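*Asks:* Sharing a structure here in structure tokens format.
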Amino acid sequence: MNHRRWNLLPVVPSRHVDNIFGYSPLIIQLLYNRGITELSQIISFFSMDEKSSSNPFLLPDMQQAVSRIYRALLSGENIAVYGDYDADGIAGTALLVKGLSYLGGNVIPYIPHRLTEGYGLKTTALKELHQQNISLVITVDCGITDLSQVKQANRMGLDVIITDHHNPLPEIPPAIASVNPKRTDSIYPFSELSGTGVAYKLLQALFQSLGKEEKLMAFLDLVALGTIADMTPLVSENRYLVKQGLKLINNHSPLWITELMAQTGYNGDNLDEESFSWVLAPRINAAGRLAHAMNSYKLLMSESPEEARQLAIWLEEKNVERQKLTIKFLNQAREQILSREFPPLLIASDHDYPVGIIGLIAGRLTEEFYRPTIAIRTGELNSTGSCRSIPEFNIIHALNQCRSLLSHFGGHSQAAGFTLPTKNLAQFNQQLSQLATLQLAKVDLRPQLNIDTEITLDNLGGDTFQNIQQLTPFGHGNPIPIFLSKQVEVINCRSMGSNGDHLRIKLKQGNSIWDGVAFKLGSFRNDVATPLDIVYNLAIDRWQAVEKLRLNILDFKQSFSNNLQR
């Protein structure tokens, strides 16, 4: 039995292939699987030119936002950029501070402390900013659900412009402008911008109005960071922004990237989306998880090599500390879950969980058990939770149904957070568990692998890998292509890793012999028998300065049947 649900995507209709010229059948199939079916869409996908960037004034309230900021710039008002403490919010804060400062603005950043202040606008912080003679606050990656806080800001004479990408409530805060592509009245053609992406569109509108749009390219490293770190779909405009950002970075690496990468010992010449996801973003996030996110902001803003080096060293130390804490409390949470009945919704709670890593705990448990998971730090009066979910369960909709028990909540369909009075915790857990049990009653709770196409190992040679790379950058919405090969001979198989967690398998089909690595499948060593059906993607194996193409095996089963489990 395969360890995941295999879903072989439909073969592209022959009539569709006949209408597409100049592209290989494999590329046409991959694009078809990603919803790119027309020749015009394919041309746009590969060209990724400025046409992929939509008019920023199509976003709700953009004209009001630009007019108010322009007035603040002309009159020399003091402006605060109020950002979130994750990598998306930090990058967007740095982006707006840099952009508005370039236009001559008097701008300061404000990023709340995760532990002592929490997510979103806080009235105490707004009062402090008002006392510092700030007259305009621009949010990044937050604010769209902060109704009472914006109302209080208005009462004290503080103007607020919201830029956010989270789902709004039915009532929009009474800000000067609420720029959000997810508003129900939005006519913007792409709703999946990151928080940094929305901030960039605000800057684009300002720079366009002032005839300085060519200067925007200098900020695309920050847009790439925020977009990749927040795991927004890398399609449409996000794909364009990230691709342009990576191009900028690889032509002229910013100081913050140079110093962070130096701490990892990385000597590569080309940074890609994986470098951001697995190397840069975790280190930028580490500050807000364990201390204050302002140190990451300072690194993104630094123009001093020595200052940047010291900040990068500090972030590396915090990231190592974060890794150790994650392992410690993840093990505790796993033991807690396995010690009782195994329900569709997993809940782990403890008063010792660091708030900064509860999202990581929830995410790891969701990956391991393929169930929506909530990790909660319990307090005497209030508790804080972080949620990660699966496609079959919309966690933000579920939280919305429990909103009477919550003090605050927000997020997306598969990642969210909340605070609530601890006295409501038992009722909240029960209500949410009931919702999950009802909705997931008939769901096969194994992760699904969407397989792009069936192929033989003989057909993977030549320029196949290079052709696939034309689809980069890969990420949510544009995943790395996954293939199925059946009846593959196993030449040998051995365990790999200190605990035998992984497998290294040598495989043969026809005249082709390939090396494969099956990460985290070491416990299924006894299931390896020849022949195998394997599901995999292609990866570069880098070892001692030598690069070699290999199979990254995601799942396998004995070749007893030609039928896929769907």
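The values are calculated or read from the model by the stated rules, or taken from the named source; none is laboratory data. Not measured: the values here are computed from a predicted model. Please note: Cβ atoms are built from the backbone with ideal geometry, for glycine as well, and neighbour counts cover all protein chains shown.
*Asks:* Anything in region 189-221 that is among the hydrophobic types (A, V, I, L, M, F, W, C), under 19 Å from T472 (Cα atoms) and assigned to a helix (DSSP H, G or I)? List them, or say none.
*Replies:* L220
*Asks:* Is it the case that some residue within region 443-466 is under 28 Å from the mean Cα position of the chain (by Cα) and among the small types (G, A, S)?
*Replies:* no
*Asks:* Please indicate, with yes or no, whether at least one residue in region 438-446 is out of contact with any strand residue (DSSP E or B) (no Cβ under 9 Å at 6 or more places or on another chain), of a type in the set (A, V, I, L, M, F, W, C) and buried (at least 16 other Cβ atoms within 10 Å of the Cβ).
*Replies:* Scanning region 438-446 turns up at least one residue that is out of contact with any strand residue (DSSP E or B) (no Cβ under 9 Å at 6 or more places or on another chain), of a type in the set (A, V, I, L, M, F, W, C) and buried (at least 16 other Cβ atoms within 10 Å of the Cβ).
*Asks:* I would also like to ask the following. Determine whether region 260-280 contains at least one residue that is under 15 Å from the mean Cα position of the chain (by Cα) and among the aliphatic types (A, V, I, L, M).
*Replies:* yes
*Asks:* Here is a further query. Would you check which residues across region 495-549 are acidic (D, E) and under 24 Å from G462 (Cβ atoms) and list them?
*Replies:* Selection gives D515, D533, D541, E547.
*Asks:* Here's another thing I want to ask about it. Go through region 224-265 and give me each residue that's crowded, with 18+ Cβ neighbours inside 10 Å and among the β-branched types (V, I, T).
*Replies:* T227, I228, T232, V235, V242, I249, I257, listed by residue number.
*Asks:* May I ask you to list pairs of residues, at least six apart or on different chains, whose Cβ atoms are under 6 Å apart, with the first in region 453-474 being under 23 Å from N7 (Cβ atoms) and the second being assigned to a loop (DSSP other than H, G, I, E, B) and modelled with pLDDT of 90 or more?
*Replies:* I468/P481; F474/I480
*Asks:* Also, I was wondering about something else. Quick one: what pairs do we get from region 475-486, first residue surrounded by fewer than 21 Cβ atoms within 10 Å (Cβ to Cβ), second part of a loop (DSSP other than H, G, I, E, B) and of a type in the set (K, R), C-beta under 9 Å, 6+ apart or different chains?
*Replies:* Listed by first residue and then by second, the contacts come to G477/R34; P479/R34.
*Asks:* Just give me the residues in region 331-345 being of a type outside the set (S, T, Y) and closer than 28 Å to L438 by Cβ, in sequence order.
*Replies:* Scanning region 331-345 gives A333, R334, E335, Q336, I337, L338, R340, E341, F342, P343, P344, L345.
*Asks:* Determine whether region 122-139 contains at least one residue that is surrounded by 24 or more Cβ atoms within 10 Å (Cβ to Cβ), free of Cβ contacts under 8 Å to residues at least 60 places away in the same chain and assigned by TED's automatic domain parsing to the domain that holds V198.
*Replies:* Among the residues of region 122-139, at least one is surrounded by 24 or more Cβ atoms within 10 Å (Cβ to Cβ), free of Cβ contacts under 8 Å to residues at least 60 places away in the same chain and assigned by TED's automatic domain parsing to the domain that holds V198, which makes the answer yes.
*Asks:* Filter region 488-503 for residues that are free of Cβ contacts under 8 Å to residues at least 24 places away in the same chain and within 36 Å of the chain's Cα centre (by Cα) and give the result.
*Replies:* R494, S498, N499, D501, H502, listed by residue number.
*Asks:* Going residue by residue through region 102-114, is there one that turns out to be closer than 29 Å to S53 by Cβ, touching a helix residue (DSSP H, G or I) at 6+ places or on another chain (Cβ under 8 Å), assigned to a helix (DSSP H, G or I) and in the same structural domain as T227 (by TED's automatic domain parsing)?
*Replies:* yes
*Asks:* Quick check on my filter: what residues within region 438-464 are in a loop (DSSP other than H, G, I, E, B), hydrophobic (A, V, I, L, M, F, W, C) and under 30 Å from P343 (Cα atoms)?
*Replies:* L440, A441, V443, L445
*Asks:* For region 134-164, name all the residues that are in a helix (DSSP H, G or I) and within 20 Å of E117 (Cα to Cα).
*Replies:* Residues satisfying the conditions are L147, S148, Q149, V150, K151, Q152, A153.
*Asks:* Going through L203, L300 one at a time, which residue ends up being touching a residue at least 40 places away in the same chain (Cβ under 8 Å), buried (at least 22 other Cβ atoms within 10 Å of the Cβ) and farther than 28 Å from K318 by Cα?
*Replies:* Selected residue: L203, the only one of L203, L300 that is touching a residue at least 40 places away in the same chain (Cβ under 8 Å), buried (at least 22 other Cβ atoms within 10 Å of the Cβ) and farther than 28 Å from K318 by Cα.
*Asks:* Can you pull out the residues in region 504-526 that are buried (at least 16 other Cβ atoms within 10 Å of the Cβ) and either under 25 Å from L26 (Cα atoms) or more than 29 Å from the chain's Cα centre (by Cα) (or both)?
*Replies:* Of everything in region 504-526, those that are buried (at least 16 other Cβ atoms within 10 Å of the Cβ) and either under 25 Å from L26 (Cα atoms) or more than 29 Å from the chain's Cα centre (by Cα) (or both) turn out to be R504, I505, L507, Q509, W514, G516, V517, A518.
*Asks:* If you don't mind, there's one more thing I want to ask. With respect to G195, is the statement that it is in contact (Cβ under 8 Å) with a residue 24 or more places away in the chain and farther than 26 Å from V235 by Cα true?
*Replies:* no
*Asks:* Going residue by residue through region 545-552, is there one that turns out to be small (G, A, S), surrounded by fewer than 14 Cβ atoms within 10 Å (Cβ to Cβ) and out of contact with any strand residue (DSSP E or B) (no Cβ under 9 Å at 6 or more places or on another chain)?
*Replies:* Yes, region 545-552 contains at least one residue that is small (G, A, S), surrounded by fewer than 14 Cβ atoms within 10 Å (Cβ to Cβ) and out of contact with any strand residue (DSSP E or B) (no Cβ under 9 Å at 6 or more places or on another chain).
Every residue, every condition in (1) surrounded by 16 or more Cβ atoms within 10 Å (Cβ to Cβ); (2) basic (K, R); (3) out of contact with any Pro (no Cβ under 6 Å at 6 or more places or on another chain), yes or no:
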position	(1), (2), (3)
P10	no, no, yes
L26	yes, no, yes
R34	yes, yes, yes
E38	no, no, yes
I42	yes, no, yes
D49	no, no, yes
P56	yes, no, yes
S67	no, no, yes
